[in-house]
1. Which of the numbered conditions does I187 fail, given that it passes all the others? Conditions: (1) open to solvent by 10 Å² or more (accessible area, probe 1.4 Å); (2) in contact (Cβ under 8 Å) with a residue 40 or more places away in the chain.
2. What number of residues in segment 368-382 are open to solvent by 60 Å² or more (accessible area, probe 1.4 Å) and either in a loop (DSSP other than H, G, I, E, B) or under 30 Å from S84 (Cβ atoms) (or both)?
3. Can you report the number of residues in segment 239-248 which are in contact (Cβ under 8 Å) with a residue 40 or more places away in the chain and part of a strand (DSSP E or B)?
4. Which one is nearest to I105 (Cα to Cα) among residues in segment 53-87 that are among the β-branched types (V, I, T) and in contact (Cβ under 8 Å) with a residue 24 or more places away in the chain?
5. Quickly run through segment 147-201 and pick out the residues that are among the hydroxyl-bearing types (S, T, Y) and under 15 Å from the mean Cα position of the chain (by Cα).
6. Tell me the residue from A208, A182, A261 that is assigned to a helix (DSSP H, G or I), under 30 Å from G59 (Cβ atoms) and aliphatic (A, V, I, L, M), please.
7. Looking only at segment 378-386, decide whether some residue is free of Cβ contacts under 8 Å to residues at least 24 places away in the same chain and touching a Lys or Arg at 6+ places or on another chain (Cβ under 8 Å).
Amino acid sequence: MTVESTAPRKPRRSAGTKSTAGKRTTATNTPGTEPELVQLLTPEGERVKNAEYDKYVAGITPDELRGLYRDMVLTRRFDAEATSLQRQGELGLWASLLGQEAAQIGSGRATREDDYVFPTYREHGVAWCRGVDPTNLLGMFRGVNNGGWDPNSNNFHLYTIVIGSQTLHATGYAMGVAKDGADSAVIAYFGDGASSQGDVAESFTFSAVYNAPVVFFCQNNQWAISEPTEKQTRVPLYQRAQGYGFPGVRVDGNDVLACLAVTKWALERARSGEGPTLVEAYTYRMGAHTTSDDPTKYRADEEREAWEAKDPILRLRRYLEASNHADEGFFAELEAESEALGKRVREAVRAMPDPDHFAIFEHAYADGHALVDEERAQFAAYQASFAEEEGV
C-alpha cells in the first residue's frame, strides 16, 4: 500500500480566467502528478505486477476479462441512453456514471451473492452486477415509483438520495450480520462529497468500535458538484481510516482489475472478522454531476481531456487486444448487444404507467389524520378541475 504526501495543494486557474467571480479551480489531479495508488492496468493497457493484490485476480480467465469489458460497455450505453431520455423530457433528472465504470464494475463483481450492497444514486454499474434490471433504475427518475425493485431480491438496497446516510444503514446492517454469525459482508458506496457528511464519520466510528464487516467504497471523482476535493480535506481520503483504527487504501478507479482485486481483499477481511476497510477509488466524473449541472462553469476542459485519455473501457480493450483475448467479432457482437439494450431501455421507459396520483396520501399516518384527509380532498378537486376544463 502506498501513501502520498499530506501537504495541501493549491488549485490552479484555468486559462483565460481573471476575476475572482470567474475563477475555476481544478481537482487534486494535475496531469503527470497523480498520487500513488494500486494499479494493475496502466492507461495504455499494460499489465502491472503487484505483490500484494495480484493473487486476487491471478485466476481470472479470458472469458471473465471479456465479461468485465462487456459489463462496462453495456453500463455506459445504458447510462448514455438515460441521459438522452432526460434531455427528451422522459426523465426528470439523471445522475450519470460516465468515467466511473471500472470502479463500479470491478467492485460490484467482487461481491458475493450473499453480500449486501448499499448504493447512493449513481451506482448503475453495481446494480447491473447485482442483477437489477436497468429499466427498474429509471422509474424513480421518471417519478413513477420510489425505486422499482425489491432490495432483498438482489441484496441491493434502493437508491439513497440523502447524501451519506446509507453508510449508517450499511453499518447497522453489518453489525446485525456479525451478531447473526454470518460470514457475508456489506459494502457501502459514497462519493468524495459525502465524505464530508457527519453520517459518514459516525458510520466510521460505529463500524470500528463494533468491528463491523463493512467495506466503505468511496468513488472519489474529485468533484462534489462544483466543489473540488481539495476544498474538503487536507489529506487523501483513504488516510482518514487511520484515525478510526481500520485500514484504508487508494486504488486506480479507472482500472477495473485493480478495483476488483482491492475490493475482494477488503471483503475477505470483513468476512473473516477483521472489521471495516475504506477503499478510495480515485477516478473522474467525465460528465455532469446530474443533468441539471453544467461542469464547464467550474472545471477546465484540459482536465477532462487528460482523464479521457485514461478511459477505463479503452484501457481494458487495449489489454484484451494486446493479449489476443478478444477479436473483432467479439467487439462487433457487443456493439449489436449495446444497441439492443438502448432500444429496450427507450421502449421500457416510455411504456411506464403513470403512478396513482393519490398514493402520496397513503401511509402518511398509521391510523389516518384529518389534515391528510383535507389535503386529499383539495387535491381531488384540483384534479377534477382539469376534466372540467377539457369538457368546456
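The values are calculated or read from the model by the stated rules, or taken from the named source; none is laboratory data. Fair warning: this is a prediction, and the values are worked out from it, not measured in the lab. Ideal geometry is used to build each Cβ from the backbone, glycine not excepted, and the neighbour counts take in all protein chains shown. Only protein heavy atoms, including side chains, enter the accessible area calculation; ligands, DNA and RNA are left aside. Shrake-Rupley method; radii C 1.70, N 1.55, O 1.52, S 1.80 Å.
1. (1)
2. Qualifying residue count for the region: 1.
3. Counting residues in segment 239-248 that are in contact (Cβ under 8 Å) with a residue 40 or more places away in the chain and part of a strand (DSSP E or B) gives 0.
4. If we take residues in segment 53-87 being among the β-branched types (V, I, T) and in contact (Cβ under 8 Å) with a residue 24 or more places away in the chain, then T75 is nearest to I105 (Cα to Cα).
5. Once the filter is applied, which keeps residues that are among the hydroxyl-bearing types (S, T, Y) and under 15 Å from the mean Cα position of the chain (by Cα), segment 147-201 yields Y159, T160, S165, T167, Y189, S195.
6. After ruling out the rest, the residue left standing is A261.
7. The answer is no, given that none of the residues of segment 378-386 is free of Cβ contacts under 8 Å to residues at least 24 places away in the same chain and touching a Lys or Arg at 6+ places or on another chain (Cβ under 8 Å).
Matching residues to (1) of a type outside the set (A, V, I, L, M); (2) under 25 Å from the mean Cα position of the chain (by Cα); (3) modelled with pLDDT of 95 or more:
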| site | (1), (2), (3) |
| --- | --- |
| D311 | yes, yes, yes |
| E333 | yes, no, yes |
| R344 | yes, yes, yes |
| P355 | yes, no, no |
| A359 | no, no, no |
| L371 | no, no, yes |
| Q378 | yes, no, yes |
| F386 | yes, no, no |
